[in-house]
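For reference, the structure discussed in these notes is given below.
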Amino acid sequence: MRLKEGSPAIDTGSSYLAPGVDIEGNSRPQGAGYDIGAYEYGAPAPQPTPSPEPANYTITASSNPPEGGTVSGAGTYKEGEMASLQAKAASGYDFVNWTEGTSVVSTSATYSFTATANRDLVANFAVASPTDTPEKASYTITASAGTGGSISPSGTVTISAGASQTFKITPATGYHVSAVIVDGASMGAVTSYTFKDVNADHTIKASFAADKFTIKASVLNKGGKVSPTFQTVIYGGTATIKIIPRNGYTIASITDNGVSMPVSSTYTITNVTCNHNIVVTFKLSTN
């Protein structure tokens with residue numbers, strides 16, 4: 001045990017019956033003299049009081065309007081820790097300021113502060129003002145054509161601002177316009193295109209495809225067959241049809257689009273420029 005401060009037993013004892021050390025092995029006396037009725041020992045050293053853990057605070061951030069931009073840096077921060085929020089405007093918007101409630105807290109896109117409480121911050125954005133750019137005096141239209149035709153005028157054509165320009169697309173013989181592409185978008189298989197009130201550079205490209213024709217072949221009776229009965233041939237191409245009589249039959253006639261052709265076991269059309277309809281008849285052989 002330990003005597004209380006101011007006890008009348010302090011320093012009033014005698015060494016007559018007191019041992020030289022207390023029960024803890026500490027030398028006696030510890031004060032000015034022996035104490036009465038208590039074992040004397042050294043007071044333990046005071047223990048430091050542990051510091052409390054720092055509080056955690058939640059920092060939230062949002063965009064106004066939501067499509068105006070993005071924010072980053074929100075999260076949980078310890079008390080006294082430096083928080084840093086960043087705002088980035090979307091295309092077509094400008095950053096305005098950071099607000100908390102109705103108060104503007106920063107006009108810088110990066111807002112840094114020491115965390116001392118929970119906070120809810122808003123990054124405000126506004127639609128960007130259009131930038132006035134001087135109008136050019138002239139613009140260029142680049143015109144090109146693929147194999148099988150032409151475009152006129154062609155190459156790089158300079159047009160005064162606000163003027164119009166017409167382009168003629170002409171397929172070569174045996175070809176047709178397959179597409180006209182203006183600034184990357186298809187205008188269809190047109191043969192003329194006009195740019196009106198030109199206020200920007202443009203491109204126009206024409207593409208072409210070879211004309212195709214059908215070749216049909218048939219028989220009027222059961223005396224034989226033809227092969228193939230149908231085929232597609234491009235302009236200027238060649239088509240060949242085999243004519244095969246049955247046993248006991250021979251070829252009687254061949255017509256092409258109603259016109260009689262020489263009788264042969266193979267009928268060939270060269271330099272095809274139109275559709276063809278071939279009709280074959282057979283007759284009994286006289287041999």
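Remarks
- Structural descriptor for the stretch 138-210: relative contact order 41 percent, calculated from alpha carbon pairs under 8 angstrom and at least 6 residues apart.
- Across Lys168/Lys196; Lys222/Lys283; Lys136/Lys168; Lys216/Lys242, pairs whose alpha-carbon gap is larger than 19 Å: Lys136/Lys168
- For the stretch 181-262, a crude dipole built from +1 on the beta carbon of Lys and Arg and -1 on the beta carbon of Asp and Glu, taken about the Cα centre, is about 720 debye to the nearest 20.
- Trypsin sites (Lys or Arg not before Pro) restricted to the stretch 152-211 and DSSP loop, no more than 14 other C-beta within 10 Å: Lys196
No value in this document is a laboratory result; all are computed from the given coordinates. These numbers were taken from a predicted model, which means no experiment stands behind them. In this analysis, Cβ positions are derived from the backbone assuming ideal geometry, glycine residues included, and neighbour counts consider all displayed protein chains.
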